[in-house]
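Accompanying notes for the structure given below.
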Amino acid sequence: MTTELRVLRPAEWDDWYARVELAFGGVPAAAETRALYHDLIEPERAMGAWDGTDCVGTAGSYAFRLSVPGGAPVPTAGVCMVSVLATHRRRGILTAMMRRQLDEVHSWGEPLAALTASEPEIYGRFGYGIATEQLSLDIDTVRARLSVPDDADGVRLRITTPGSVRDECEAVYARRVAARPGMLARRPHWDRAPLLDPESDRRGSSPLQCVMAERDGESVGYARYAISRGWTPEGPDGAVVLRDLEALDPGAYAALWRFLFSIDLTSRLRAPDRPVDDPLLHLVSDVRRCSPRLRDGLHLRIVDVGGALEARTYARPVDVVLEVADAFCLWNEGRWRLTGDSKGAGCERTRDPADLALSVRDLGTAYLGGASLAALAGAGRVQELRAGALAEASGAFRSSVAPWLPHGF
C-alpha cells in the first residue's frame, strides 16, 4: 500500500467528509446534516488514507456506551464513515484501517466495537457478527385493528413540534436504554440526530411531527413521524412514516400506536426499524396485514473477550471454558473461563480443556442475547466439546428481550 494512513487533522475535515459523501453515492448532505456530523466526529478518533493530497479512504468511531444484558452501559466504539474510493480498491486500504482502528480501540480500553453495515458481507472477516436484527412493518391500518389495554384511555396525547419537546423525549429515551440490550446512551449532540429533517430527505412527506403521551402531567412516551400524502380514485390513501417511538409503560405505548393508526387521510403505517419482539405484534388483530420483514441491524465486534464477557450478566448460572479463535486480534485467541449468573460475571484466561469452540465473530453474534449459541451450533459455527455445555451456555447468554439498535450512526 502506497497511501499514508493517519489520524484526521481538523483542517482536513471538509475534504475527508466530502470523500465519505462521494463513496456513498456522491449526493452532498444537507447543511444541517453536515453541521451535525462535524460536531459529532472527534478527529482524534478518525483517520484518513491519503494518496498524495487526495483522501482515498475514511474511517472513524464514536465513543458510545452500549446497553448489554443486565442493563450496564459498556464503552463501545461506534464505527462510522468507513469508505474506500473505487479507484483504490483491492490495495489493502480497508484492512489497514480496520487493523489500526481495532488496535486503537483496544488501547483505549473499549471492549466492544459496533457498526451498521451498508453491505453486511464486508465486516465478517474483521470479526464483526450480526448481533441485532430490525423488524420493518408496512401496516394496513384499515384492515389491521388494535386491541389496547384499559389504561391506554388514561393517557393524554398532545401534538407538538419535535424541537419544542426534545428534552422530554430524551428523558424518556434515557429511561429506556437499560431495559433493552443494543441501545445507545446518548452523548452530547446526539439529541439533535432524531430531529434531522432536511427537506431534501423527505421524498414528498410532511415535515417531522411529534405526539407526546402524558399521564398526570408527566411525559411517558412519544412518537415522531411524518405523513406521506396519497390519493386514489377511491379516496385518500396516505401513509404514516414512523421515525421513532418510545414509551415507559404498556398503556402509553398502546395509546401512541392507536393514535398513529387513526390519523386522518391515511391507510398505511410504515415502521422501518422496530425490535423483532415489538409488543405491537401482540396488539394487532392480523400480523399478516403488517407485512413484517427482517434485516440485519447492529454488527458487533468483541475487542476484549475478558472485559466484554465480564461486563454483562447471564440468564442462568454458567461455568464454561470457551476456545476463541481470533486471527485478526490475536490478544483474544485462546481459552477463557466464563463464570456468571444474573448478578455478575468473571472471565479469565485458563489452561483447562475447552467446553465450546467458536470464532470471535460468532461470540459477537451471541453476545447481546439475540442469536442463540445453539442456533449457531446448528449452522456448524459453534462446536460442543463437553456434553451439556452448549445447552448451559446457550441458555445463559439469552436475553429476556430481543436486543435492538433503535437508530443508526
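The values are calculated or read from the model by the stated rules, or taken from the named source; none is laboratory data. This is a predicted model, so every value here is computed, not measured. Glycine gets a Cβ as well: all are built from the backbone with ideal geometry, and neighbour counts include every protein chain shown. What goes into the accessible areas is simple: the full protein's heavy atoms, side chains included, and nothing from ligands, DNA or RNA. Shrake-Rupley method; radii C 1.70, N 1.55, O 1.52, S 1.80 Å.
Yes/no matrix, rows are residues, columns are (1) closer than 25 Å to Ala72 by Cα; (2) of a type outside the set (S, T, N, Q):
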residue	(1), (2)
Leu265	no, yes
His282	no, yes
Asp319	yes, yes
Ser342	yes, no
| message | Being closer than 27 Å to Trp231 by Cβ, more than 22 Å from the chain's Cα centre (by Cα) and of a type in the set (Ser, Thr, Tyr) narrows it down to one residue among Thr160, Thr141; which is it? | response | Thr141
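Please state which one of Ser136, Ser219, Ser205, Ser200 is out of contact with any Ser or Thr (no Cβ under 6 Å at 6 or more places or on another chain), outside any strand (DSSP E or B) and in contact (Cβ under 8 Å) with a residue 24 or more places away in the chain.
Values: Ser136 fails: outside any strand (DSSP E or B); Ser219 fails: outside any strand (DSSP E or B); Ser205 fails: out of contact with any Ser or Thr (no Cβ under 6 Å at 6 or more places or on another chain).
Answer to the selection: Ser200.
Among the residues of segment 323-335 satisfying the criterion of being in contact with an Asp or Glu (Cβ under 7 Å, 6 or more places away or on another chain) and crowded, with 19+ Cβ neighbours inside 10 Å, which is farthest from Cys80 (Cα to Cα)? Walk me through it before giving the result.
Here is the first cut: in segment 323-335, the residues in contact with an Asp or Glu (Cβ under 7 Å, 6 or more places away or on another chain) are 324-326, 332-333, 335.
Narrowing further to those that are crowded, with 19+ Cβ neighbours inside 10 Å: 324, 326, 332.
Numbers: Val324: 26, Asp326: 22, Asn332: 23 Å.
Filtering first and then ranking leaves Val324.
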| message | Quick check on segment 221-243. Is at least one of its residues modelled with pLDDT under 95 and either among the small types (Gly, Ala, Ser) or under 23 Å from Ser164 (Cβ atoms) (or both)? | response | yes
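Please find, within segment 24-42, the residue that is farthest from His189 (Cα to Cα) out of those that are part of a helix (DSSP H, G or I) and either touching a Phe, Trp or Tyr at 6+ places or on another chain (Cβ under 8 Å) or open to solvent by 40 Å² or more (accessible area, probe 1.4 Å) (or both). Before the answer, list the steps.
Initial filter on segment 24-42 (part of a helix (DSSP H, G or I)): 31-40.
Imposing the further condition that a residue be either touching a Phe, Trp or Tyr at 6+ places or on another chain (Cβ under 8 Å) or open to solvent by 40 Å² or more (accessible area, probe 1.4 Å) (or both) reduces the set to 31-32, 34-35, 37-40.
Working: Ala31: 16, Glu32: 13, Arg34: 13, Ala35: 11, Tyr37: 9, His38: 10, Asp39: 7, Leu40: 7 Å.
In this case the residue turns out to be Ala31.
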| field | Matching strands (runs of 3 or more DSSP E) fully within segment 277-356 where at least 1 residues are acidic (Asp, Glu) and modelled with pLDDT of 95 or more | value | 293-296, 318-325, 334-341, 344-349
| Members of segment 284-303 that are touching an Asp or Glu at 6+ places or on another chain (Cβ under 8 Å), closer than 27 Å to Pro75 by Cα and basic (Lys, Arg) | Arg295
| remark: Per the filter on segment 381-409, residues closer than 21 Å to Pro353 by Cβ and part of a loop (DSSP other than H, G, I, E, B) are Arg381, Leu385, Arg386, Ala387, Gly388
| task | Look through Ala254, Ala239 and report the one residue that is of a type in the set (Gly, Ala, Ser), in contact with a helix residue (DSSP H, G or I) (Cβ under 9 Å, 6 or more places away or on another chain) and not in a loop (DSSP other than H, G, I, E, B). | result | Ala254
| Out of all the residues in segment 75-95, is one or more of a type outside the set (Gly, Ala, Ser), open to solvent by 10 Å² or more (accessible area, probe 1.4 Å) and under 29 Å from Arg398 (Cβ atoms)? | yes
